[in-house]
Amino acid sequence: PPGTVFSLLTKRPGSSGINAEYGGSKEANLEGLRQRISTLFLQYIKTPLFNAEAANLLKVPEDPSSLRKDIYFCRGCGNYLPSTDFELTTNARSIGRCRKCKNLDSEGRLREDFSRYRSLLQSIRGTEEAFNDNSRIIFLLTEADLRYLAENIWGAQSVLSQWEDTYDLTLVRWNRRLEWSPWNCVLLTNEEARAHSKLVKPEEAYGPVFTQKIKYRHILGKQYFASMPKLADYMSKNLTSVNMPLPSNAEKIMYGGKKKENVVLPALTETK
């Protein structure tokens, strides 16, 4: 009927711009009233109490307690996010970081090239096969394990000449009568490795000071790799325990770290 809210919202202004049905008010004065009524009406239909279908469209549920079921804390960005933003597995014990944080970390992380250590691993395996003495440990290691051994245990340089070109370095047996292992190897250049492989008793050829340095690196390698399940199981079944005492503080200062050492080393001598 004339004069109701519906008629005011739908009534088109006359040619004179005067709304005769509402006390002769001008259309320009009713525009603000129409906007307020439209806004209140939209708020009304968005309320789930009056419009049940609106509850399905709300991003934040009306009951805050329902958020506790599927909301997790991201350790990366520090935000509380729904479970759909995380990569959850059936055996996961912790939530970790959301997908966005993982993608940012993947884009900003420096890619590691294992091609050099892959070829080095294949070379060592081929050498061990030539010994034909049932050497097994090198076949249980990966490129990442070999990289850790070369860089963290041996400092990524020849123990004799401190040569740092990884493409000219190799890991050979320290004692050629024992199978290759992280505690029976030495990082040398290819030329040094060929001379070293001819030694029957390397301890006598190099002397006690240099031998002690090598033994310390062997202790570090045994402590690290013996804790790996794939090696610990093999060692418990196939190797007898070797008494390797922990290095003293003086030995750590003398032989530890990656710093180059200005130590006069004995020359290689061939033992017939």
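The values are calculated or read from the model by the stated rules, or taken from the named source; none is laboratory data. As the structure is a prediction and not an experimental result, all values here were calculated from the model. Please note: Cβ atoms are built from the backbone with ideal geometry, for glycine as well, and neighbour counts cover all protein chains shown. The protein model used for the area step is the full one, side chains on, heavy atoms only, and it has no ligands, DNA or RNA in it. Shrake-Rupley method; radii C 1.70, N 1.55, O 1.52, S 1.80 Å.
Quick look at the numbers
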quantity: Nearest-0.05 FRET efficiency for Thr142 and Arg177, computed from C-beta distance (R0 25 Å); calculated: 0.45
quantity: FRET efficiency for Ser236 and Ser123, using Cβ-Cβ distance with R0 set to 41 Å, rounded to 0.05; calculated: 0.90
quantity: Rounded to whole Hz, the Karplus (6.51, -1.76, 1.60) HN-Hα couplings of region 95-104, x for glycine and proline; calculated: 7, x, 10, 6, 5, 5, 5, 5, 5, 5
quantity: Solvent-accessible surface (1.4 angstrom probe) belonging to Phe131, in square angstrom, nearest 10; calculated: 90 Å²
quantity: Sequence of Leu149, Leu104 when ordered by accessible area, the most exposed leading, probe 1.4 angstrom; calculated: Leu104, Leu149
quantity: Hydrodynamic radius (Kirkwood) for region 129-188, which is based on Cα pairs only, to one decimal in Å; calculated: 12.0 Å
quantity: Heavy atoms of Lys222: accessible area, 1.4 Å probe, square angstrom to 10; calculated: 30 Å²
quantity: Formal net charge of residues neighbouring Phe131 (Cβ-Cβ distance under 13 Å; K, R +1; D, E -1); calculated: +1
quantity: Amide H within-cut-off set for Cys185, under 5 Å, with H built and near neighbours excluded; calculated: Trp174
quantity: Karplus 3J(HN,Hα) series, Hz, for region 154-164 with 6.51 cos²θ - 1.76 cosθ + 1.60 (x for Gly, Pro); calculated: 9, x, 6, 8, 5, 6, 8, 9, 6, 6, 10
quantity: Cut-off under 5 Å, modelled amide H: who pairs with Tyr72 long-range; calculated: Leu81, Ser83
quantity: With DNA, RNA and ligands ignored, accessible area of Thr166 (1.4 Å probe; Å², nearest 10); calculated: 40 Å²
